[in-house]
Amino acid sequence: FFSICVNSRKKDIADGVHVIEGEGGDFVDAFLVQMKKEQNSDAPSTFDEKWLEMSLLDLWAAGQETTMVTLNWAFSYLLLHPQVIKLVIRSIMVASITLTCSMLRASNAFLFAYLFFQSLLFKEVHRCATIVPMNLWRDTSEDTVVGQYLIPKGTAITAQISAIMNDDQYFKNNCNFNPDRYFNGDRIEQMVVAFGLGKRACPGESLAQAELYLVGLFIYLFTPLVISYVP
């Protein structure tokens with residue numbers, strides 16, 4: 001599949017249908033630009049079409065599998081906690097009515113306050129599911145001292161994300177699914193590091209967070225309204 005995609009892009013470039021400007025408009029463009037540069041030099045390079053196809057496979061697999069599993073966990077937790085579903089519906093309905101009603105002109109801060117619950121809900125899903133319990137492995141580039149421990153150069157290290165997000169010091173009753181825990185003002189949501197931290201954090205975090213809002217959309221669209229009176 002990825003070979004077909006790459007060949008199709010190369011054909012479009014050759015036919016003038018697709019024009020690369022600068023470094024290109026996407027990952028494939030940028031890779032092809034760099035591949036051409038390195039082909040013109042005598043230095044050994046890993047920039048070839050096979051490597052491009054494998055890179056696309058990695059991006060697709062990482063984004064597809066993790067998103068699917070996270071969505072499954074989100075729906076599972078919500079099915080077990082119907083009271084949370086009611087809060088999600090209420091927050092979406094208030095924001096939706098405010099946006100569509102011409103008599104209500106709410107500020108962005110007002111709308112954010114109602115959608116803020118959804119963001120905290122997703123934080124709790126990430127924390128409880130912990131679909132990637134450990135971060136990527138890295139090597140220390142030099143001797144490093146952490147606390148009382150000397151970590152020699154070349155040591156393979158990683159961060160155990162699950163331990164951070166289940167630390168009872170920050171998350172009381174950490175085995176319980178409870179989005180309300182983030183309303184106590186302690187800013188413990190900063191301890192939910194499902195995507196890692198710093199420059200080497202997961203590059204797909206913004207896409208994954210956007211896709212999680214599908215959970216709220218599904219709940220809103222497919223939850224029947226109960227009418228308590230006869231029309």
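Can you confirm whether LEU52 is in contact (Cβ under 8 Å) with a residue 12 or more places away in the chain, surrounded by 15 or more Cβ atoms within 10 Å (Cβ to Cβ) and not aromatic (Phe, Trp, Tyr)? Yes.
Got a number for residues in the stretch 9-32 being assigned to a loop (DSSP other than H, G, I, E, B) and either touching a helix residue (DSSP H, G or I) at 6+ places or on another chain (Cβ under 6 Å) or hydroxyl-bearing (Ser, Thr, Tyr) (or both)? Full working, then the answer.
Filtering the stretch 9-32 for residues assigned to a loop (DSSP other than H, G, I, E, B) gives 15-26.
Remaining after also requiring either touching a helix residue (DSSP H, G or I) at 6+ places or on another chain (Cβ under 6 Å) or hydroxyl-bearing (Ser, Thr, Tyr) (or both): 18, 20, 23-24.
Number satisfying all stated conditions: 4.
State yes or no: is GLY204 under 18 Å from LEU78 (Cβ atoms), of a type in the set (Gly, Ala, Ser), surrounded by 12 or more Cβ atoms within 10 Å (Cβ to Cβ) and at pLDDT below 90? Against the criterion (under 18 Å from LEU78 (Cβ atoms), of a type in the set (Gly, Ala, Ser), surrounded by 12 or more Cβ atoms within 10 Å (Cβ to Cβ) and at pLDDT below 90), GLY204 does not qualify.
Just to be sure before I move on: is ASN166 within 24 Å of THR67 (Cβ to Cβ), at pLDDT 90 or above and either out of contact with any Ser or Thr (no Cβ under 9 Å at 6 or more places or on another chain) or surrounded by 11 or more Cβ atoms within 10 Å (Cβ to Cβ) (or both) in the structure I sent?
Working: within 24 Å of THR67 (Cβ to Cβ): yes; at pLDDT 90 or above: yes; either out of contact with any Ser or Thr (no Cβ under 9 Å at 6 or more places or on another chain) or surrounded by 11 or more Cβ atoms within 10 Å (Cβ to Cβ) (or both): yes.
Considered against the rule, which asks whether it is within 24 Å of THR67 (Cβ to Cβ), at pLDDT 90 or above and either out of contact with any Ser or Thr (no Cβ under 9 Å at 6 or more places or on another chain) or surrounded by 11 or more Cβ atoms within 10 Å (Cβ to Cβ) (or both), ASN166 comes out as yes.
Restricting attention to the stretch 18-35, the residues that are at pLDDT below 85 and surrounded by fewer than 12 Cβ atoms within 10 Å (Cβ to Cβ) add up to 4. Taking the stretch 129-144 as the range and being assigned to a loop (DSSP other than H, G, I, E, B), at pLDDT 85 or above and either over 25 Å from ASN178 (Cβ atoms) or more than 25 Å from the chain's Cα centre (by Cα) (or both) as the test, the residues that pass are THR140, SER141, GLU142, ASP143.
State which residue is farthest from MET191 (Cα to Cα) when the search covers only the stretch 147-163 and only residues that are β-branched (Val, Ile, Thr) and modelled with pLDDT under 90.
Keep residues of the stretch 147-163 that are β-branched (Val, Ile, Thr), which gives 151, 155, 157-158, 161.
Then drop every residue that is not modelled with pLDDT under 90, which leaves 157-158, 161.
Details: ILE157: 20, THR158: 17, ILE161: 10 Å.
Checked the stretch 147-163; the qualifying residue farthest from MET191 (Cα to Cα) is ILE157.
Could you please find all residues in the stretch 65-115 being aromatic (Phe, Trp, Tyr) and at pLDDT 75 or above?
Start the filter on the stretch 65-115 by keeping residues that are aromatic (Phe, Trp, Tyr), which leaves 73, 75, 77, 110, 112, 114.
Once the filter is applied, which keeps residues that are aromatic (Phe, Trp, Tyr) and at pLDDT 75 or above, the stretch 65-115 yields TRP73, PHE75, TYR77.
Within the stretch 183-201, track down each residue that is in a helix (DSSP H, G or I) and either modelled with pLDDT of 90 or more or within 19 Å of the chain's Cα centre (by Cα) (or both). Result: ILE188, GLU189, GLN190, MET191, GLY198, LYS199, ARG200.
A count restricted to the stretch 126-163 and to residues that are surrounded by 10 or more Cβ atoms within 10 Å (Cβ to Cβ) and within 22 Å of ARG200 (Cα to Cα) stands at 25. Taken as a whole, the structure places LEU121 among residues that are in contact (Cβ under 8 Å) with a residue 12 or more places away in the chain and either within 30 Å of PRO179 (Cβ to Cβ) or not polar (S, T, N, Q) (or both).
Within the stretch 66-82, can you find the residues that are of a type outside the set (A, V, I, L, M, F, W, C) and surrounded by 14 or more Cβ atoms within 10 Å (Cβ to Cβ)? Let's see the steps before the verdict.
From the stretch 66-82, those of a type outside the set (A, V, I, L, M, F, W, C) are 66-67, 70, 72, 76-77, 81-82; that's our starting set.
Scanning the stretch 66-82 gives THR66, THR67, THR70, SER76, TYR77, HIS81.
The values are calculated or read from the model by the stated rules, or taken from the named source; none is laboratory data. All figures in this text were calculated on a predicted structure; none of them were measured in a lab. Because the Cβ atoms are built from the backbone with ideal geometry, glycine has one as well, and the counts that use them run over all protein chains shown.
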